[in-house]
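The structure appears right after this line, and notes come after that.
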Amino acid sequence: MVTLRRAARMIALASILHAGCPTGSAAGDQPATPATATTPLAIEVDQGLVSVDVHDALLTDVLRSVGEQAAIQVTIRGGSGDRVTESFDGVALDEAIKRLARGYDVVLIYGGRKGLTGTGRLVEALVYQASAPGVPVVFDPRQRGSRLRAVRSLIQQAHRREPGAFDSLVGMLSTDPDPLVRRTAAAGIGSFRGPEAVAALTTALGDQDPMVRTAVVSALGAMRDEAMAPTMAQVLARDPEAAVRRAALWALAPLHSDDARRGLQAALSDADASVRRSAVSALNRWERRAKAGSP
């Protein structure tokens, strides 16, 4: 429990923090809603230890205040209206973030030299609203090389039809905390072009990272499977990231079905100018191909 003396200092500090402008955050983050004057946030970060005493406070406000004081980047996706009630004193920064974001998917990114906990200094926290109850995961960039080598080895093993290799590759696509590892796994799975590969990639269209979704869409598009046209048209119509929608557009472009054509035509009214331009180009190529009678 936070002592009264400490709480008083934290309330004063919180008032100063909220009088200024919030730090910048990644595009697409939920905007922070300022705490009201009657409910200041009692939050303090001191030498990597976090003390919190908040009741029914906006989670976005609490996490951003922690990030500002700890000088780390905090990216929050979803849950803009969710509230949190927590009270603890002197908890390590990474553990405090996990506690505050309990029920969310949390990715903690470390860098630099190892500290007392055996990991590097926490430099970034990614907090995603979970579609299902999730377990917080930790991503250490220093492990990236070994994980990428593991993925490439599994791809080779799966092509040699070694038992369990393909399933392990699918597992890395669905659970590995490193987006680059998941992107590499998606590309590898796409090289198999069978129904199991299509099923795994289709599931991964819901990945939280837009670059992973782009890789998944590109892998599916490389298969040139007419049966995937409705799925790609849906991605083109609904994905919030323009890069993913462009990948879906070019996955539809070489297909011949009416579903593919309708998907391309719908993209002419996309909110993003680059997607609209790509749709015009794809439809022109479609028309030229149709007139020429070429496949």
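For residues in the stretch 278-292 being within 15 Å of Leu252 (Cβ to Cβ) and charged (D, E, K, R), which is modelled with the lowest pLDDT? Taking the candidates together, the pick is Arg289.
Applying a threshold of 6 Å to beta carbon distances and a minimum spacing of six or more residues, or different chains, the list of pairs starting in the stretch 255-280 at a residue that is among the acidic types (Asp, Glu) and ending at one that is not in a loop (DSSP other than H, G, I, E, B) reads Asp259/Ala229; Asp259/Pro230; Asp259/Ala233; Asp270/Arg276; Asp272/Ala242. Within the stretch 206-253, the only residue that satisfies the criterion of being over 14 Å from Val275 (Cα atoms), surrounded by fewer than 20 Cβ atoms within 10 Å (Cβ to Cβ), in the same structural domain as Ser269 (by TED's automatic domain parsing) and in contact with an Asp or Glu (Cβ under 6 Å, 6 or more places away or on another chain) is Pro230. Does Gly103 satisfy being among the small types (Gly, Ala, Ser), at pLDDT 75 or above and closer than 26 Å to Asp176 by Cβ? Yes.
Within the stretch 198-257, the set of residues being among the β-branched types (Val, Ile, Thr) and farther than 30 Å from Val127 by Cβ comprises Val198 only. Within the stretch 155-206, the set of residues being of a type in the set (Ser, Thr, Tyr) and within 24 Å of Asp239 (Cβ to Cβ) comprises Ser174, Thr175, Thr184, Ser191, Thr202, Thr203.
The values are calculated or read from the model by the stated rules, or taken from the named source; none is laboratory data. Remember, predicted model here, so these are calculated numbers, not experimental data. Every residue, glycine among them, receives a Cβ derived from its backbone with ideal geometry; neighbour counts consider all protein chains shown.
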